[in-house]
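K.L.:
I am attaching a structure below and will ask some questions about it afterwards.
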Amino acid sequence: MSVIEGPGATSPGDGALTGADAATPRAEAIVDLAAIEHNVRYLASTAAASGAAMMAVLKADGYGHGAVPVARAALRAGATWLGVCTMGEALALRAGGITAPVLSWLDLPDDDYRPAVAEGVDLSVASVRQLAAVRLAAGRADRPARIHLKIDTGLSRNGSAAADWPELVDAAAKAAADGSVEVLAVWSHLAHGDEPANPTLDAQAQRLDAAWRVATEAGLNPIRHIANSAATMTRPDLHYDLVRAGIAVYGLDPLGRPVADTPLRPAMTFRARVALVKRVPAGEGVSYGHEWSTPAETTLALLPVGYADGVPRRLGSRPSGVGGMRVLIGGRSRPVVGRVCMDQVMVDCGDYPVAEGDEAVLFGPGDRGEPTAQDWADALGTIHYEIVTGLRAGRVSRTVAE
């Protein structure tokens, strides 16, 4: 079954239209849950071989794929934990009927933690001040808060500094003794996870181990977790008790390997319908600034998507863009010409027949010859995370294929 989210549609589980009932959207991201399940089965089995459980990371609305349906698919396929960035994201999963353990890891010290504690959401704690706020929320919710103590092992982002760690552990141990918290884990995040041989991975693991020993010496019994997608796939020695797979859940290879060389299956296809077709004589400028002109009479197809939808402006023609963007229309790869506009791009179809309403695939798994999110990222000098999370909800409908 397919469900459609977007302008004029409802959310899954609330009477959403099926593909048979709704008009084809002008632009949509199609999410293949079978691919999600394939990826999670692979990642969960890889972790299980080391004795570790798997957390599927669903921050940023499941990296743009839809957090609730992805959560359901991931849990079916072997994930036992879920991870998000904020309490709001965690509570949205609870509202969607997800009861599995969910870790929220980037909340502010002065946030109201009571709703999350009441819903049994795990909370990452990185400072004594934040711990105090969580303990207060636990008292108001009349239940212990489930916490993961985060140590900064070398990324220099979130996490307790090593110098502050003993004080945080001591406060957490006292909170555990009085029943206001359950300390479930000591954890951290890798700076060079996509470089398996980088020596910082071993250095960070040693720092995590040292922080964990401080916690155990204080009478706590936490698990450890540090492995991201790349480390899950390449560093079994870093699996510890739990791995946290993010981008790999969605079939995008954290090591940058092409689709043909990875065990993962990309789950998202971004497509639009042709809005207008016209024959244009030779020598006509196309789009703003006329950075591209027709070298001969040709057929141009207008796609009703642009940088407001998540098509980066820099994918347009040189000199302001990188050039080289292509789309798949009628089974053939065709170049985008001229600048990418806020709402429109033009495709040069030559003399090939194309009709209004035809499907144009902007990126997908690549198995039909269409570009991939990795292709876009390579052209732009960025990462595929930015591509899939950059599609604009509300402008681009999302169809989730069960």
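K.L.:
Identify the residue in the range 261-284 that is in contact (Cβ under 8 Å) with a residue 40 or more places away in the chain and not in a loop (DSSP other than H, G, I, E, B) and, among all such residues, is most open to solvent (accessible area, probe 1.4 Å).
P.N.:
Here the residue is Arg273.
K.L.:
Going through the range 155-184 one residue at a time, which ones are touching an Asp or Glu at 6+ places or on another chain (Cβ under 8 Å) and among the small types (Gly, Ala, Ser)?
P.N.:
Scanning the range 155-184 gives Gly159, Ser160, Ala161, Ala162, Ala176.
K.L.:
So which of Arg398, Arg339, Arg314, Arg326 is within 22 Å of Gly289 (Cβ to Cβ) and touching a strand residue (DSSP E or B) at 6+ places or on another chain (Cβ under 6 Å)?
P.N.:
Arg326
K.L.:
Based on what the data block shows, is Leu252 open to solvent by less than 60 Å² (accessible area, probe 1.4 Å) and modelled with pLDDT of 95 or more?
P.N.:
So Leu252 fits the description; yes.
K.L.:
Let me spell it out: the conditions are (1) in contact with a helix residue (DSSP H, G or I) (Cβ under 6 Å, 6 or more places away or on another chain); (2) loosely packed, with under 14 Cβ neighbours inside 10 Å, and Gly321 meets all of them except one. Which number is the exception?
P.N.:
(2)
K.L.:
Scan the range 78-107 and report the pairs whose first residue is under 22 Å from Ala44 (Cα atoms) and open to solvent by 40 Å² or more (accessible area, probe 1.4 Å) and whose second residue is acidic (Asp, Glu) and part of a strand (DSSP E or B), with Cβ atoms within less than 8 Å and a gap of 6+ or a chain change.
P.N.:
Pro101/Asp122
K.L.:
Name the residues in the range 123-140 that are surrounded by fewer than 24 Cβ atoms within 10 Å (Cβ to Cβ) and within 30 Å of Arg76 (Cβ to Cβ), would you?
P.N.:
The one that is surrounded by fewer than 24 Cβ atoms within 10 Å (Cβ to Cβ) and within 30 Å of Arg76 (Cβ to Cβ): Ser124.
K.L.:
Name the pairs: first residue in the range 34-51 and under 17 Å from Ala67 (Cβ atoms) and charged (D, E, K, R), second residue modelled with pLDDT of 95 or more and surrounded by fewer than 20 Cβ atoms within 10 Å (Cβ to Cβ), Cβ to Cβ under 9 Å, at least 6 apart or on different chains?
P.N.:
So the pair list comes out as Glu37/Arg76; Glu37/Gly78.
The values are calculated or read from the model by the stated rules, or taken from the named source; none is laboratory data. Not measured: the values here are computed from a predicted model. For neighbour counting, all protein chains shown are included, and Cβ atoms are generated from backbone atoms with ideal geometry for every residue, glycine included. What goes into the accessible areas is simple: the full protein's heavy atoms, side chains included, and nothing from ligands, DNA or RNA. Shrake-Rupley method; radii C 1.70, N 1.55, O 1.52, S 1.80 Å.
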